[in-house]
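All remarks here apply to the structure that follows.
The values are calculated or read from the model by the stated rules, or taken from the named source; none is laboratory data. Everything quoted here is computed from the prediction, not taken from an experiment. We place every Cβ from the backbone using ideal geometry, glycine too, and count neighbours over all the protein chains shown. Surface accessibility is based on the protein's heavy atoms, side chains included, excluding ligands, DNA and RNA. Shrake-Rupley method; radii C 1.70, N 1.55, O 1.52, S 1.80 Å.
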Amino acid sequence: RVAWLRPPPFPEDEALKKVDQAFKQDHDDTTWDWEFLNDSGEPINRLTDLGNSHRFAKAFSDRLRYVPGWGWVHWTDTGWHKADEGHQAIQYACKVPEIIQQEAYQFDDDPPNQRLIRKWALVSESAGHLAAVEKLARSHPDLLADINDFDQDPGIVACLNGIVDLKTGELRPFDKLE
(Lines give C-alpha, C1' and ligand atoms only; values in the text may rest on other atoms or scores of the structure.)
Protein backbone atom coordinates (compact mmCIF):
# COMPACT_ATOMS: atom_id res chain seq x y z
CA ARG A 1 0.00 0.00 0.00
CA VAL A 2 1.03 3.56 -0.74
CA ALA A 3 0.50 6.03 2.01
CA TRP A 4 -0.53 9.43 0.67
CA LEU A 5 1.07 12.27 2.45
CA ARG A 6 -1.18 15.19 3.11
CA PRO A 7 -0.13 18.53 4.44
CA PRO A 8 -1.54 19.34 7.84
CA PRO A 9 -4.79 21.32 7.75
CA PHE A 10 -4.40 25.05 7.25
CA PRO A 11 -4.86 26.71 10.67
CA GLU A 12 -7.99 28.83 10.84
CA ASP A 13 -6.22 31.97 12.04
CA GLU A 14 -3.80 31.79 9.08
CA ALA A 15 -6.70 31.21 6.68
CA LEU A 16 -8.54 34.29 7.98
CA LYS A 17 -5.34 36.33 7.71
CA LYS A 18 -4.93 35.29 4.04
CA VAL A 19 -8.57 36.14 3.29
CA ASP A 20 -8.11 39.62 4.81
CA GLN A 21 -4.97 40.16 2.73
CA ALA A 22 -6.78 39.09 -0.42
CA PHE A 23 -9.64 41.52 0.19
CA LYS A 24 -7.21 44.38 0.73
CA GLN A 25 -5.57 43.84 -2.69
CA ASP A 26 -6.68 45.83 -5.73
CA HIS A 27 -8.92 43.52 -7.76
CA ASP A 28 -10.84 46.20 -9.61
CA ASP A 29 -10.42 45.10 -13.24
CA THR A 30 -13.59 46.98 -14.17
CA THR A 31 -11.59 50.21 -14.10
CA TRP A 32 -9.91 49.07 -17.31
CA ASP A 33 -13.19 49.72 -19.04
CA TRP A 34 -13.26 53.39 -18.02
CA GLU A 35 -13.33 56.03 -20.65
CA PHE A 36 -10.61 58.65 -20.25
CA LEU A 37 -10.57 62.15 -21.69
CA ASN A 38 -7.47 63.61 -23.33
CA ASP A 39 -6.23 67.17 -22.83
CA SER A 40 -8.81 68.40 -25.35
CA GLY A 41 -11.66 66.78 -23.43
CA GLU A 42 -12.20 64.10 -26.08
CA PRO A 43 -12.49 60.47 -24.99
CA ILE A 44 -9.57 58.17 -25.69
CA ASN A 45 -10.21 54.54 -26.48
CA ARG A 46 -11.23 52.21 -23.70
CA LEU A 47 -8.67 50.01 -22.00
CA THR A 48 -9.96 46.82 -23.63
CA ASP A 49 -9.05 44.66 -26.61
CA LEU A 50 -11.77 46.41 -28.62
CA GLY A 51 -10.30 49.78 -27.64
CA ASN A 52 -6.90 48.53 -28.77
CA SER A 53 -8.34 47.51 -32.15
CA HIS A 54 -9.66 51.06 -32.56
CA ARG A 55 -6.19 52.41 -31.76
CA PHE A 56 -4.78 50.00 -34.37
CA ALA A 57 -7.25 51.17 -37.03
CA LYS A 58 -6.65 54.85 -36.31
CA ALA A 59 -2.88 54.46 -36.49
CA PHE A 60 -2.57 52.11 -39.47
CA SER A 61 -5.63 52.47 -41.72
CA ASP A 62 -3.48 54.45 -44.15
CA ARG A 63 -1.41 51.33 -44.90
CA LEU A 64 -3.48 48.24 -44.01
CA ARG A 65 -6.72 46.72 -45.22
CA TYR A 66 -8.44 43.44 -44.45
CA VAL A 67 -10.15 41.64 -47.33
CA PRO A 68 -12.41 38.75 -46.18
CA GLY A 69 -11.44 35.53 -47.90
CA TRP A 70 -8.11 36.98 -48.96
CA GLY A 71 -6.52 38.35 -45.79
CA TRP A 72 -4.49 41.43 -44.98
CA VAL A 73 -3.08 43.70 -47.66
CA HIS A 74 -0.58 46.45 -46.97
CA TRP A 75 0.54 49.53 -48.86
CA THR A 76 4.14 49.80 -50.03
CA ASP A 77 5.89 52.18 -52.38
CA THR A 78 4.73 49.99 -55.27
CA GLY A 79 1.07 49.54 -54.37
CA TRP A 80 -1.14 47.25 -52.31
CA HIS A 81 0.32 43.80 -51.64
CA LYS A 82 -1.04 40.71 -49.95
CA ALA A 83 0.53 40.38 -46.50
CA ASP A 84 2.40 37.20 -45.65
CA GLU A 85 -0.08 35.29 -43.47
CA GLY A 86 -0.93 38.53 -41.67
CA HIS A 87 2.59 39.08 -40.35
CA GLN A 88 2.47 42.79 -41.19
CA ALA A 89 -0.78 43.15 -39.24
CA ILE A 90 0.76 41.49 -36.19
CA GLN A 91 3.86 43.67 -36.50
CA TYR A 92 1.62 46.74 -36.46
CA ALA A 93 -0.42 45.30 -33.57
CA CYS A 94 2.85 45.11 -31.60
CA LYS A 95 3.01 48.91 -31.83
CA VAL A 96 -0.35 49.41 -30.07
CA PRO A 97 1.13 49.15 -26.53
CA GLU A 98 3.52 51.98 -27.48
CA ILE A 99 0.51 54.05 -28.58
CA ILE A 100 -1.14 53.39 -25.20
CA GLN A 101 2.05 54.47 -23.41
CA GLN A 102 1.87 57.75 -25.37
CA GLU A 103 -1.75 58.18 -24.23
CA ALA A 104 -0.58 57.82 -20.63
CA TYR A 105 1.61 60.93 -20.99
CA GLN A 106 -1.59 62.96 -21.29
CA PHE A 107 -2.32 62.12 -17.65
CA ASP A 108 0.76 63.57 -15.96
CA ASP A 109 -1.52 65.48 -13.59
CA ASP A 110 -3.52 62.32 -12.75
CA PRO A 111 -1.01 59.70 -11.47
CA PRO A 112 -3.58 56.98 -10.55
CA ASN A 113 -5.10 56.97 -14.03
CA GLN A 114 -1.70 57.31 -15.67
CA ARG A 115 -0.58 54.22 -13.75
CA LEU A 116 -3.73 52.37 -14.84
CA ILE A 117 -3.15 53.25 -18.51
CA ARG A 118 0.52 52.23 -18.31
CA LYS A 119 -0.52 48.95 -16.70
CA TRP A 120 -2.93 48.30 -19.58
CA ALA A 121 -0.12 49.03 -22.05
CA LEU A 122 2.00 46.32 -20.42
CA VAL A 123 -0.88 43.85 -20.31
CA SER A 124 -1.56 44.61 -23.99
CA GLU A 125 1.90 43.30 -24.90
CA SER A 126 0.82 39.69 -24.32
CA ALA A 127 0.40 37.42 -27.32
CA GLY A 128 -3.29 36.94 -26.53
CA HIS A 129 -4.06 40.66 -26.50
CA LEU A 130 -2.01 41.27 -29.66
CA ALA A 131 -3.85 38.46 -31.46
CA ALA A 132 -7.16 39.93 -30.27
CA VAL A 133 -6.23 43.32 -31.76
CA GLU A 134 -5.50 41.73 -35.15
CA LYS A 135 -8.68 39.61 -35.05
CA LEU A 136 -11.00 42.46 -33.99
CA ALA A 137 -9.42 44.88 -36.46
CA ARG A 138 -10.49 42.63 -39.34
CA SER A 139 -14.03 43.95 -39.02
CA HIS A 140 -13.20 47.59 -38.31
CA PRO A 141 -14.90 49.79 -40.95
CA ASP A 142 -11.72 51.79 -41.59
CA LEU A 143 -9.78 48.61 -42.39
CA LEU A 144 -12.38 46.36 -43.99
CA ALA A 145 -12.18 46.23 -47.77
CA ASP A 146 -13.66 44.23 -50.61
CA ILE A 147 -11.51 42.68 -53.30
CA ASN A 148 -13.47 44.79 -55.80
CA ASP A 149 -12.17 47.95 -54.09
CA PHE A 150 -8.83 47.29 -55.79
CA ASP A 151 -8.13 47.64 -59.51
CA GLN A 152 -11.46 49.34 -60.20
CA ASP A 153 -10.32 51.20 -63.30
CA PRO A 154 -9.69 48.93 -66.30
CA GLY A 155 -7.99 51.88 -68.01
CA ILE A 156 -4.93 51.79 -65.77
CA VAL A 157 -2.37 49.12 -65.05
CA ALA A 158 0.17 48.89 -62.25
CA CYS A 159 3.78 48.35 -63.31
CA LEU A 160 6.98 48.09 -61.31
CA ASN A 161 7.74 51.79 -61.77
CA GLY A 162 4.25 53.30 -61.44
CA ILE A 163 0.74 53.32 -62.85
CA VAL A 164 0.22 53.55 -66.61
CA ASP A 165 -2.90 55.21 -67.96
CA LEU A 166 -3.76 53.03 -70.96
CA LYS A 167 -5.71 55.86 -72.67
CA THR A 168 -2.93 58.44 -72.55
CA GLY A 169 0.17 56.31 -72.03
CA GLU A 170 1.07 58.52 -69.07
CA LEU A 171 3.15 56.96 -66.28
CA ARG A 172 2.05 58.20 -62.85
CA PRO A 173 3.34 57.50 -59.35
CA PHE A 174 1.50 54.88 -57.31
CA ASP A 175 -1.65 56.11 -55.56
CA LYS A 176 -3.51 54.24 -52.81
CA LEU A 177 -6.83 55.29 -54.27
CA GLU A 178 -6.21 53.91 -57.76
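In table form, for the structure just shown:
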read-out: Local electrostatic count at Ala59 - Lys and Arg +1, Asp and Glu -1, tallied over other residues with Cβ under 11 Å; value: +1
read-out: Cβ-Cβ FRET estimate between Val157 and His81, R0 fixed at 22 Å, reported to 0.05; value: 0.90
read-out: Accessible area in the full protein assembly, largest first, 1.4 Å probe, for Asp49, Asp142; value: Asp142, Asp49
read-out: Computed lengthening from Trp70 to Asn148, 0.36 nm per intervening residue step minus Cα-Cα distance; value: 26.9 nm
read-out: Ordering of 13-20, 122-129 by burial proxy (mean other Cβ atoms within 10 Å per residue, highest first); value: 122-129, 13-20
read-out: Cα pair count fraction exceeding 20 Å, expressed as % - the stretch 51-178; value: 53 percent
read-out: Candidates per trypsin sites (Lys or Arg not before Pro) in the stretch 105-172, loop by DSSP, up to 12 other Cβ within 10 Å; value: Lys167
read-out: Protein accessible area in the stretch 58-137, 1.4 Å probe - carbon and sulfur %; value: 52 percent
read-out: Straight-distance crosslink candidates among lysines, where the alpha carbon sits under 30 Å from Lys17 and sequence neighbours closer than 8 are dropped; value: Lys119
